[in-house]
Amino acid sequence: MSRTRTAILAALALVAGASGTAFAVVPGDVGIAAVPCTVDYKVQNQWDTGFTAAVTVTNNSAAKTSWSLKWSYAGNQKVTSAWNAKVSQSGTAVTAGNETYNGTLATGGSASFGFQGSYSGTNAIPATFTLDGVTCNVDGGGGPTDPPDPTGPKVDNPYSGAKVYVNPEWSAKAAAEPGGSRISNQPTGVWLDRIAAINGVNGGMGLRAHLDEALRQKGSGELVVQLVIYNLPGRDCAALASNGELGPTEIDKYKTQYIDPIAAILADPKYAGLRIVNTIEIDSLPNLVTNTGSRPTATPQCDVMKANGNYQKGVGYALNKLGDAPNVYNYIDAGHHGWIGWDDNFAPSAALFKEAATTEGATVNDVHGFITNTANYSALKENNFTINDSVGGRSVRESSWVDWNRYVDELSFAQAFRNQLVTTGFNSGIGMLIDTSRNGWGGTARPAGPGALTDVNTYVNGGRYDRRIHIGNWCNQSGAGLGERPQASPATGIDAYVWMKPPGESDGSSQFIENPEGKGFDRMCDPTYTGNARNGFNLSGALPNAPISGHWFSAQFQELMKNAYPAL
């Protein structure tokens, strides 16, 4: 899954579109006067208080043995250090002179240098440059306040050759459980599920504290930090248990009070050596495909979010802002096979993801890949039957469990959906993640082989590992177990198996619990609930006595360990 050619093409396009390049005139061009010099000024990296820039000056006049390039800033930018040039500043005026080793500028020759600077507010590219007092050609001046998307420096698979961050807060809870020390050293996602989580809630670790701890864990090798970006306006419009703090129209608050502060922290040069993986807004975009309009699964809340476009705007803004840092890897949540594996959901979901990824300044280059099965229970691989099997002349697609889906497990779905995403316009080098934190389905209920060939339902139900009552059940599922341990590059097209959902953290409360986190009560978390259109009006399959989402649920943790597959 090499990204090399894609990265080069993207970088060429971005250099042309996001720099203050003044294009040289080729000698002999008819009807265009030759320009004495050209300047290419590019912001390479930018964070909340500073930036780095690269400058190339090309001399189109007589050869020089020394040179001096000058410009002025429109804002409060200050050059703090430089390389390959002697740079000084007086007020807004900057002068860059040659070093002893790069003073010679032949006709058509170029010299390059770089610097680091500070700023606040905007960071516009200077409008005018002069070389030895002569104005160089510029393409209208000004420029973007954001640096180009740093596609080039990214590695193909951030998990390859890297350790993954172990959240000490989750690890301590896991280790405190009987038998929990067997898995307490596993890496899990850090969930930023509200604005307050950025700085830490109730004395807990905030984002900077996690990143500082990650630097300690990193040592001299590579280390991945997994973050879950999860606070969209009108969040999770089809499930009350994971509703959030922002109302459907609060997109500006999402941008300025949630995404912008996270982006500023991630862009801090202190953390440049970490590989930061973002899971972008789970349980959002697929809802606009499956739970809107005239569908029996539609909800008024999802219709509102489809009409106002704030899911797409929020995801696009997050991709754009968070993707500015060259060590950040964005993976968009892509539901799971039991959500968008059907024909009428599959391609439309990919198209909607493309729409979001090209909104609010984002491009497909801000997307490193996608993640499936986040916080869900779909089996990784069903070995006892395939989508191509039939019993008594009836395809397994006709069984009540598969229900005409094209996929029976997450691995086949993730690999196929990756191909669909590339066909839809995403880069050919995208990788997939699969959350295997709770999809092991081991224990005594795990079938040892295929079901009987009596009929297609007996065959499928007798052999399937996923023991849920219905594939639409999602809350604190009874019988679930830990799945494959986190690992890099486990299968074609898959960057990693991950535990993005920390095992032991509840999906939602079994009954209404007053809380300050904006989380409601969803009957799908009530074990006595007999269902709705999204789970075929079946029992919810949820465990009893569960706390609100994200809070520690000891009984579930014990069940996950008991039913782990591979076994602990």
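The values are calculated or read from the model by the stated rules, or taken from the named source; none is laboratory data. In this text, all values refer to a predicted model and were calculated from it rather than measured experimentally. Cβ: placed from backbone, ideal geometry, glycine included. Neighbour counts: every protein chain shown. All accessible areas refer to the heavy atoms of the entire protein, side chains included, with ligands and DNA or RNA removed. Shrake-Rupley method; radii C 1.70, N 1.55, O 1.52, S 1.80 Å.
Looking at the structure I just gave you, is Pro261 surrounded by fewer than 22 Cβ atoms within 10 Å (Cβ to Cβ), at pLDDT 95 or above and in a loop (DSSP other than H, G, I, E, B)? Full working, then the answer.
Working: surrounded by fewer than 22 Cβ atoms within 10 Å (Cβ to Cβ): yes; at pLDDT 95 or above: yes; in a loop (DSSP other than H, G, I, E, B): no.
Considered against the rule, which asks whether it is surrounded by fewer than 22 Cβ atoms within 10 Å (Cβ to Cβ), at pLDDT 95 or above and in a loop (DSSP other than H, G, I, E, B), Pro261 comes out as no.
Would you check which residues across the stretch 34-83 are charged (D, E, K, R) and within 37 Å of the chain's Cα centre (by Cα) and list them?
Those that are charged (D, E, K, R) and within 37 Å of the chain's Cα centre (by Cα): Asp40, Lys42, Asp48, Lys78.
Consider Phe537 against the criteria (1) in contact (Cβ under 8 Å) with a residue 60 or more places away in the chain; (2) under 26 Å from Pro447 (Cβ atoms); (3) part of a loop (DSSP other than H, G, I, E, B): it satisfies all of them except one. Which criterion is unmet?
Failed condition: (1).
Name, by its number, the condition in (1) in contact (Cβ under 8 Å) with a residue 24 or more places away in the chain; (2) open to solvent by 10 Å² or more (accessible area, probe 1.4 Å); (3) farther than 27 Å from Asp212 by Cβ; (4) polar (S, T, N, Q) that does not hold for Ser284.
Looking at each condition in turn, Ser284 falls short on (2).
Can you pull out the residues in the stretch 360-389 that are among the acidic types (Asp, Glu), in a loop (DSSP other than H, G, I, E, B) and under 16 Å from the mean Cα position of the chain (by Cα)?
Going through the stretch 360-389, the residues among the acidic types (Asp, Glu) turn out to be 360, 366, 382, 389.
The next check asks that each one be in a loop (DSSP other than H, G, I, E, B); those that pass are 360, 382, 389.
The one that is among the acidic types (Asp, Glu), in a loop (DSSP other than H, G, I, E, B) and under 16 Å from the mean Cα position of the chain (by Cα): Glu360.
Under 8 Å by Cβ, and 6 or more places apart or on different chains, what pairs join a residue from the stretch 177-205 that is over 23 Å from Gly247 (Cα atoms) with one that is open to solvent by 40 Å² or more (accessible area, probe 1.4 Å) and of a type in the set (A, V, I, L, M)?
Close Cβ pairs (under 8 Å, with a partner that is open to solvent by 40 Å² or more (accessible area, probe 1.4 Å) and of a type in the set (A, V, I, L, M)) amount to Gly179/Leu568; Ser181/Ala175; Arg182/Leu568; Ile183/Leu568; Ser184/Ala172; Ser184/Ala175.
Residues in the stretch 360-371: is at least one open to solvent by less than 10 Å² (accessible area, probe 1.4 Å), of a type in the set (S, T, N, Q) and closer than 30 Å to Ile265 by Cα?
No, that holds for no residue.
Specify the residue that is farthest from Asp236 (Cα to Cα); the eligible residues are those in the stretch 300-320 that are touching a Phe, Trp or Tyr at 6+ places or on another chain (Cβ under 9 Å) and among the aliphatic types (A, V, I, L, M).
Ala318
Right, Gly28: modelled with pLDDT of 50 or more and surrounded by fewer than 20 Cβ atoms within 10 Å (Cβ to Cβ) or not? Before the answer, list the steps.
Working: modelled with pLDDT of 50 or more: no; surrounded by fewer than 20 Cβ atoms within 10 Å (Cβ to Cβ): yes.
Judged against the criteria, Gly28 is not a match.
Taking the stretch 123-176 as the region of interest, how many residues are part of a helix (DSSP H, G or I) and either modelled with pLDDT under 90 or open to solvent by less than 40 Å² (accessible area, probe 1.4 Å) (or both)? Steps first, answer last, please.
Pass one, the stretch 123-176, residues part of a helix (DSSP H, G or I): 168-176.
Okay, now just the ones that are also either modelled with pLDDT under 90 or open to solvent by less than 40 Å² (accessible area, probe 1.4 Å) (or both), so 170-171, 174.
Number of matching residues: 3.
Looking at (1) touching a residue at least 24 places away in the same chain (Cβ under 8 Å); (2) open to solvent by less than 40 Å² (accessible area, probe 1.4 Å); (3) closer than 30 Å to Ile469 by Cβ, which is the one condition that is false for Asp343?
(2) is the only condition that Asp343 fails.
Regarding the stretch 297-314, can at least one residue be identified that is in a strand (DSSP E or B) and among the basic types (Lys, Arg)? Write out each step before concluding.
Within the stretch 297-314, the first condition is being in a strand (DSSP E or B), and the residues that meet it are none.
Looking through the stretch 297-314, none of the residues is in a strand (DSSP E or B) and among the basic types (Lys, Arg).
Quick check on the stretch 311-319. Is at least one of its residues among the small types (Gly, Ala, Ser) and either surrounded by fewer than 16 Cβ atoms within 10 Å (Cβ to Cβ) or on the phi > 0 side of the Ramachandran plot (or both)?
Of all residues in the stretch 311-319, those among the small types (Gly, Ala, Ser) come to 314, 316, 318.
Those still in the list that are either surrounded by fewer than 16 Cβ atoms within 10 Å (Cβ to Cβ) or on the phi > 0 side of the Ramachandran plot (or both) too: none.
No, the conditions are met nowhere in the stretch 311-319.
Got at least one residue in the stretch 181-203 being open to solvent by less than 10 Å² (accessible area, probe 1.4 Å) and over 22 Å from the mean Cα position of the chain (by Cα)?
Checking the stretch 181-203: at least one residue is open to solvent by less than 10 Å² (accessible area, probe 1.4 Å) and over 22 Å from the mean Cα position of the chain (by Cα).
Scanning for something touching a residue at least 60 places away in the same chain (Cβ under 8 Å), over 30 Å from Asp526 (Cβ atoms), open to solvent by less than 10 Å² (accessible area, probe 1.4 Å) and in a strand (DSSP E or B), does the stretch 216-223 turn up at least one residue?
Within the stretch 216-223, one or more residues are touching a residue at least 60 places away in the same chain (Cβ under 8 Å), over 30 Å from Asp526 (Cβ atoms), open to solvent by less than 10 Å² (accessible area, probe 1.4 Å) and in a strand (DSSP E or B).
Does the stretch 57-99 hold any residues that are part of a strand (DSSP E or B), more than 17 Å from Gly117 (Cβ to Cβ) and of a type in the set (A, V, I, L, M, F, W, C), and which are they?
The one that is part of a strand (DSSP E or B), more than 17 Å from Gly117 (Cβ to Cβ) and of a type in the set (A, V, I, L, M, F, W, C): Val57.
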